[in-house]
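Note sheet for the following structure.
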Amino acid sequence: MRLTMYTDFSLRILLYLGTKEPDKLSTIQEIATAYHISKNHLMKVAHELRQAGYIEAVRGRSGGIKLARDPKAINIGAVVRRMEDDFYLVECFNRDNNTCPIASVCGLRGILGKALQAYLQVLDAYTLQDLLENEADLRMLLR
């Protein structure tokens, strides 16, 4: 299983904001600079995170973004489910576009389905707070 860059950037934004004081605003440019990634990509991701209620955005000259929830209330599995387009590990997971001739008798789909559920179950066991255990080190690296 490989997460999309979209989900990766979502988690990076949340981690960055989790290292900040709760009321301190950060800009998309600051985050892009810290991670050496595109500001344009982050803007789209931040918009989705705001729509999902994970972050708050303040417009204007001194605006920015911050976490909208306590890090303990941000479940990693929920974030991944929200940000991923699909979880089609193989073609037969997509019933609408499946052209595999052996899909009706192949056992691979069931095995991969169980693996996917286990993967998501592990992610469900963690919150953003768990990822911030080494917060001081993260802050230093993200300066």
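The values are calculated or read from the model by the stated rules, or taken from the named source; none is laboratory data. Keep in mind it's a predicted model, so treat the numbers as computed, not measured. Ideal geometry is used to build each Cβ from the backbone, glycine not excepted, and the neighbour counts take in all protein chains shown. These accessible areas exclude ligands, DNA and RNA; they are computed on the full protein's heavy atoms, side chains included. Shrake-Rupley method; radii C 1.70, N 1.55, O 1.52, S 1.80 Å.
Sorting the Cα pairs of the stretch 67-143 by distance into bins of 5 Å, from 0 upward, gives 3, 13, 17, 16, 14, 11, 9, 7, 6, 3, 1 percent per bin. Based on alpha-carbon atoms, the Kirkwood radius and the radius of gyration of the stretch 24-95 give Rg/Rh equal to 1.07.
Based on the reciprocal of the average 1/r between different C-alpha atoms, the Kirkwood radius for the chain equals 16.7 Å. Once C-alpha pairs closer than 8 Å and six or more residues apart are averaged by separation and normalised to the residue number of the stretch 1-69, the relative contact order reads 35 percent.
Across the chain, the relative contact order, built from alpha-carbon pairs under 8 Å that are at least six residues apart, equals 31 percent.
Placing +1 on the Cβ of every Lys and Arg and -1 on the Cβ of every Asp and Glu, with nothing else charged, gives the chain a dipole about its Cα centre of roughly 340 debye. Using a cutoff of 8 angstrom between alpha carbon atoms and counting only pairs six or more residues apart, the relative contact order for the stretch 70-143 works out to 51 percent.
Cross-link partners of K66 among lysines, defined as those whose alpha carbon lies under 20 angstrom from its own and excluding same-chain residues fewer than eight positions apart: K20, K24, K39, K44. When the chain is described by a simple charge dipole with +1 on each Lys and Arg Cβ and -1 on each Asp and Glu Cβ, the residue from H47, M83, Y126 located farthest towards its positive end is H47. Along the chain, the exposed loop sites are chymotrypsin sites (Phe, Trp or Tyr not before Pro) outside DSSP states H, G, I, E and B with at most 16 other Cβ atoms within 10 Å, and the longest stretch free of them is 1-86. Counting only protein heavy atoms and a 1.4 Å probe, tell me what percentage of the chain's accessible area is made up of carbon and sulfur. It is 52 percent, rounded to a whole number.
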